[in-house]
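Worksheet for the structure shown next.
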Amino acid sequence: MNLSNPKYSKFALVREMLETTEVVRKFDPSMATPFAEKALTKKGLFLTGEGSSRIFPAKRAMYDNLRWGGTIPIFTDGATQALEYALKDLAVFGASNSGQTKEVIRLFMKLQEEKHDALFGLTANPGSKLATLAHETHILNCGKEDAVAATKSVIEQGLFYDAVMRQMLGKCLCGFDELPDHIEKALTLEIDPEIVQAASSADMIYFAGRNIGVAEELTLKTNEITRKKSDFLEGTYAVHGIEEVMDKNEVVIIVEPFPSEEEKFMECLIKGVGMKVIAISSHQTSFPTVIIPDGGKMSSYVELAAGWNLLVDIGLALGIDLDKPVRARKIGNEYTLS
């Protein structure tokens, strides 16, 4: 993506993606301190929200926690399913950019009635219903998003949870200083036209990779940005049965493939199905690869930014108005007074 090129700069979606670099530069990890201190009084964390406000921010936090020994119980599910859970011993964080997401509001109202004492909001709207229900609310600094697809807000939500968790664990936010430059490179690198052509001409785009929110979030963004059908194939699920119904006119995009599994993907999907496989990785893989900066412990943010970049090029190749989906809405299910 390049703002000096009118084909990119005319879209709010592209401008907001590219604003992510400054959002990260201005992020202050110390804002998470009071939340981390209060969360330590509970037995663990429950991170909820809907769509982009939950997928990447919550799942990457769970992944890092487990990489570091899993000393903090961290859970996530959608807010409607969470109505069935006993959450009194967990600090509950509800993320909603608008602060008006019906499912989150409904859960927080229930927990308020149950006298839950650790409800935290994460929103860009200080006057929202969520902010009135939470005991304490962090207001995002990323600013308003005009595009339907959430982008820069997703990264800031992820950083906030990252900072909360690392402070609870007594760990530094290692790699944070270099992260803005890595994200900027991932957002502005030129994608190989053959990769864009392969993906834009595919009947369906699958994303595969670790269950850390990146590939799953890109699956959602594929629907919103390219209007193509997409599915998330966790881990090595792509070679454990679904290949039976895959088609040569479909594409799998693997985010940072497991090196030990590349041969199996080649055998099952490329040789077996006849489909194309593309990778997003910090190094060249066995497949056509979008090579990105190595973000180290914060690589997931860089991977997500590179995926956005690819999806924008796919959308433009298809002649899509990136800012105007037909059915998708900015607030999927908005809370209103009945």
So which of 83, 87, 107 ends up being crowded, with 20+ Cβ neighbours inside 10 Å, touching a Leu at 6+ places or on another chain (Cβ under 9 Å) and over 30 Å from residue 307 (Cβ atoms)? 87
Please work out which residue is farthest from residue 167 (Cα to Cα), limiting yourself to region 7-18 and to residues that are open to solvent by less than 80 Å² (accessible area, probe 1.4 Å) and touching a Ser or Thr at 6+ places or on another chain (Cβ under 9 Å). 13
Do any strands (runs of 3 or more DSSP E) lying entirely in region 214-291 carry at least 3 residues that are open to solvent by less than 30 Å² (accessible area, probe 1.4 Å), and which ones are they? 251-255, 276-281
Could you tell me which residue of region 127-177 is nearest to residue 113 (Cα to Cα), considering only residues that are acidic (Asp, Glu), touching a residue at least 60 places away in the same chain (Cβ under 8 Å) and open to solvent by 10 Å² or more (accessible area, probe 1.4 Å)? 136
Six or more apart or on different chains, Cβ atoms under 6 Å: show the pairs whose first residue is in region 253-268 and touching a residue at least 12 places away in the same chain (Cβ under 8 Å) and whose second is surrounded by 14 or more Cβ atoms within 10 Å (Cβ to Cβ) and in a helix (DSSP H, G or I). 255/214; 255/215; 255/303; 264/239; 268/239; 268/243
Across region 83-104, what is the total count of residues that are more than 14 Å from residue 120 (Cβ to Cβ) and in contact with a helix residue (DSSP H, G or I) (Cβ under 8 Å, 6 or more places away or on another chain)? 5
Go through the residues of region 316-325 one by one and say whether even a single one is part of a helix (DSSP H, G or I) and either surrounded by 17 or more Cβ atoms within 10 Å (Cβ to Cβ) or modelled with pLDDT under 95 (or both). yes
From 44, 99, 78, 94, which residue is touching a strand residue (DSSP E or B) at 6+ places or on another chain (Cβ under 9 Å), more than 30 Å from residue 2 (Cα to Cα), surrounded by 23 or more Cβ atoms within 10 Å (Cβ to Cβ) and modelled with pLDDT of 95 or more? 94
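For residue 55, indicate whether it is closer than 24 Å to residue 125 by Cα, open to solvent by 10 Å² or more (accessible area, probe 1.4 Å) and either touching a residue at least 24 places away in the same chain (Cβ under 8 Å) or not acidic (Asp, Glu) (or both).
Values: closer than 24 Å to residue 125 by Cα: yes; open to solvent by 10 Å² or more (accessible area, probe 1.4 Å): yes; either touching a residue at least 24 places away in the same chain (Cβ under 8 Å) or not acidic (Asp, Glu) (or both): yes.
Against the criterion (closer than 24 Å to residue 125 by Cα, open to solvent by 10 Å² or more (accessible area, probe 1.4 Å) and either touching a residue at least 24 places away in the same chain (Cβ under 8 Å) or not acidic (Asp, Glu) (or both)), residue 55 qualifies.
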Return the residues of region 23-41 that are open to solvent by less than 60 Å² (accessible area, probe 1.4 Å) and not hydrophobic (A, V, I, L, M, F, W, C); say none if nothing qualifies. 29, 33, 34
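The values are calculated or read from the model by the stated rules, or taken from the named source; none is laboratory data. Because the structure is a prediction, the values reported are computed rather than measured. Reconstructed Cβ throughout: ideal geometry from the backbone, glycine too, with neighbour counts over all protein chains shown. The protein model used for the area step is the full one, side chains on, heavy atoms only, and it has no ligands, DNA or RNA in it. Shrake-Rupley method; radii C 1.70, N 1.55, O 1.52, S 1.80 Å.
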